[in-house]
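Read through the structure below, which is laid out as structure tokens, and then see the notes.
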Amino acid sequence: MVDLSSRWDRFAGVFCILLVITLMAGCQAVSAAEPNSSYLRDGALVVSTTNLNFGTAVIGTSKRMTDSVTNTSRRSVTISSVTSSDPQFVVSGLTLSLTLAPRQSATFIVTFTPQVAGTPSARLSITSARYVALGVAVSGQAVTPGTLTLTPSSLSFGNVGVGQSAAKTVTLTNSGGSSVTVSQASVSNATFTISGLSLPVTLAAKQTATFSVTFAPKSSGSVNGSVIVNGDASLSMGAVSGSSSSPSTAPITASLPVAGDGTTAGQLGVAPAAVAFGSVPVGSTQSSTVTLTNSGGSGATISQATVTGAGVRVSGLTLPLTLASGQSSTFQVTFAPTSAGGVTGSLAIVSSASNANMALAITGTAVAPGALAVAPTSLGFGNVQVGSSQSQPATITNSGGTTVTITQATAAGAGYSITGLTLPLVLAPGQNSAFSVRFAPQTGGSVNGSVAFTGSGASATLPLSGTGQAATTLGVNPASVSFGSVQVGTNQPQTITLNNGSSSAITITQASASGTGFSMSGLSLPATLNAGQSASFTTAFAPTVAGSATGSIAITSTASNSSFSIPLSGTGVTAGTLAANPTSIAFGSVQVGSRQSHSQTLTNTGGSLLYISTVTVTGAGFATSGLSVPTTLNAGQTLTFNVAFTPQSSGNASGSLALTADGSVSNLSVTLSGSGASPGQLAVTPTTVNFGSVVVGATLNQSGTLTASGSGVTISSVSSTNSEFTLSGLSLPITLNAGQSANFTLIFAPQASGAASATITFASNATNPPVATSVSGTGTAPPQHSVSLGWTASTSTVAGYNVYRGSQSGGPYVAVNSGRDASTSYTDTSVQAGQTYYYVVTAVDGSGNESIYSNQAQAVIPTP
């Protein structure tokens, strides 16, 4: 039941109480006013005014009104006290105790000094020793002094072009309770100006005035300032009859921070500066991303983009396009040649930037046969110190349509060399291979070179550039030596070169090696290197035990870097050792024609590289997969592959997996065993299932069992002739050993009313024909649900009720009745099965006023 009456009646009760108070105050004023001066009662005091209204006063100021009290009795009356129920109203002018003779009057002053905004009221009680206290009602309105506020609280003009201007509107508001006279408005920075404000101007309480602030930058950069408004707030309000106050004003100020950025014109840049597609096979497509960037200080609008060149087109660029300062936009330039040949085109861009017209060169070559392309198209090494080296990666790609065999890769130019390519190299269409180009200048100066690739019907050239930079100190190459892993008992040498890149001779006076297993040779001291001369020597690592080792070579010379060390490091490792896990594999019983796999792991348990040369599998039905030989295993590395058993006939089988390696264990054998088993027979229970009647949208389950006999059976799939009947609980394929069973669940989910049937068939490798279960059932229509609501009628006069519904507790709610319902009940027939709804009701009176929501009622709809 929805509780509505308490919420509507509570509002009505408050309204009635307010009405009664208003009527009582009026009655008091009538009964105490206008005493009959010709009639003297037996002891009575009257005041000339029983209701003093001070009007409006500003907080912190005072207003005064006078009143008088008269003794209308035949005897003297002594006033003992005068009190006020609110300290904001103070009585003065009476010296107490005060005795009034018959018909005698006394004047007193009431001062209103408001402390907080509002409409205070009070009662003044004049008390005599003998008679009932006489009351005077006092009231007034307190307002805050006038206050100036500027809206918005700050102005940001953002980016404005130099030589241009931008204006924004500002609202000046007197947010206080007394008037304000604005006499002055100024800006602290001459870049900003004010217009539209005629001064002086007086704003009444809550009154507004608007003006404009204009930003006109003369140069680029950020500019800040303040708009300052000065005025005087009135501290006195209009006087009422019988009151007095002292007019006064108070100065007030409001300020508004302003800021803006002067910006220069837009400047467009394009990256890359040119698009070179290289060789592209006919019928294929190659794309390049191009970025437009506005590096200027203001926005730039691209209005046109015209592309030329056969097969060249632009995508992803929607015009007109405006780029703000610092903003970028990317698009695609695509080359899709239809015939062989070179293509030279361009992309012409027209914009509102300072460089209004710019062009992007586009080149490409359409090729039908195999073609070689190098990325990047050129390598620039910059400055490289003489005696040192720098390497950069690159990629050679067959960008044509046929296979290319690269037979030669030749580096030309002093100091250039190529590594990482094993020739001849066969590249299929689209295939690539990475390599490195090394620049090791021996003398100072600019060096241009190239790497030339020659293949079967295709060639490519990679331009190289770099500059040898003469060293000002004694250089060393390499700066440190890492020997990596070296087998215990062997010796690993490395060459180190000292370079004199200065203009004068350098004498090497000392050189020594430190660290267990490290040594140096080939350097006779003292050794003098003339300008540009170098000297090489050998350092070696000969570990005697396994483990990491560090050392250094200390060099002392007459160079500016007179002493430095060359760090040495290496690791002594033991010989590679091959281990297998497991050492034997027993597959057990496997059905004839079926395949069973086991994981096999090989591990190099030694400390150095191990080379596995051959793998041999013996025994009928045994095979490996995932293992390709020859192969290598690093120290500690593992290799996992599969060994499978696929018996072709029943009976026991045995074999082995033999591996040949170059480590300390050169031959390794894993024993293999298993037996082939013929498949058995499969049975299903029950063979017939009747689900009976099931509501459409609902489901009903029945259990079933599959059992293997004679030998193992593998069930591969299940099919149903009617989608309303399904099966769950089996993860296929599944193998049942002889005597083993598997449970499953049959599900009937009718989609429409009426009888339905199907056959559930289980496919397997059993020797008997496929087994099946016949299923049937009847779908019945789901019931229609509704929600009936009722509520207690409101005790107020109402014209009707509105019913609201929501899908979550606390709303939001939506009206469900089409119009106000005069009854106290409602039936909602638009509900859905399985949902939960929340209802509230409101009452509406004849004027259209609507009550707040009633308490909430919840309805849970059954499924289906």
- [ ] Using packing as a proxy for protection, rank 208-217, 571-580 so that the peptide with the highest average count of other Cβ atoms within 10 Å comes first.
- [x] 571-580, 208-217
Open item on the list: Which of rounded, prolate or oblate describes the range 315-388 when judged by the alpha-carbon gyration tensor and an a/c cut-off of 1.5?
Closed with: oblate
TODO: Starting from the Cα gyration tensor of the range 454-541, take the square roots of the eigenvalues, sort them a ≥ b ≥ c, and report rounded, prolate or oblate (rounded when a/c is under 1.5, otherwise prolate if a/b is larger than b/c, else oblate).
DONE: oblate
Task: ³J(HN,Hα) computed for each position of the range 404-413 - Karplus, 6.51 cos²θ - 1.76 cosθ + 1.60, integer Hz, glycine/proline x - done: 10, 9, 7, 9, 9, 9, 10, 9, 10, x
TODO: At a temperature of 37 °C and a viscosity of 0.692 mPa s, determine how fast the chain diffuses translationally according to Stokes-Einstein, using the Kirkwood radius over alpha-carbon pairs as Rh; express D in µm²/s, rounded to the nearest whole number.
DONE: 77
Task: Spatial separation of Cα centroids for the range 346-360 and the range 516-534, in angstrom - done: 60
Open item on the list: For Cα pairs less than 8 Å apart in space and 6+ apart in sequence, what is the mean separation divided by the residue count of the chain, i.e. the relative contact order in percent?
Closed with: 7
TODO: Please label the shape of the range 486-620 as rounded, prolate or oblate, based on the square roots a ≥ b ≥ c of the eigenvalues of the alpha-carbon gyration tensor (a/c under 1.5 means rounded; beyond that, a/b larger than b/c means prolate, else oblate).
DONE: prolate
- [ ] Compute log10 of I(q)/I(0) for the range 634-679 with the Debye formula, placing one identical point scatterer on every Cα and leaving out solvent, at q = 0.15 Å⁻¹, to two decimals.
- [x] -0.57
Task: Nearest 10 degrees, 0 to 90: helix 5-32 Cα axis against the chain principal axis - done: 30
Task: Average accessible area per residue (Å²) across the chain - probe 1.4 Å, nucleic acids and ligands excluded - done: 48
Open item on the list: Give the lysines reachable from Lys168 as a straight Cα distance under 28 Å; neighbours fewer than 8 places away on the same chain don't count.
Closed with: Lys206, Lys218
Open item on the list: Whole-Hz ³J(HN,Hα) for each residue in the range 708-725, computed from phi via Karplus 6.51 cos²θ - 1.76 cosθ + 1.60 with θ = phi - 60°, x for glycine and proline: what do you get?
Closed with: 9, 9, x, 6, x, 10, 10, 8, 9, 7, 10, 10, 10, 7, 9, 5, 6, 10
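The values are calculated or read from the model by the stated rules, or taken from the named source; none is laboratory data. Remember, it's a predicted structure, so these values are computed and weren't measured experimentally. With ideal geometry, Cβ positions are generated from the backbone for all residues, glycine too; neighbour counts draw on all protein chains shown. Each accessible area value is taken on the protein alone, full model and side chains, heavy atoms only, with ligands, DNA and RNA left out. Shrake-Rupley method; radii C 1.70, N 1.55, O 1.52, S 1.80 Å.
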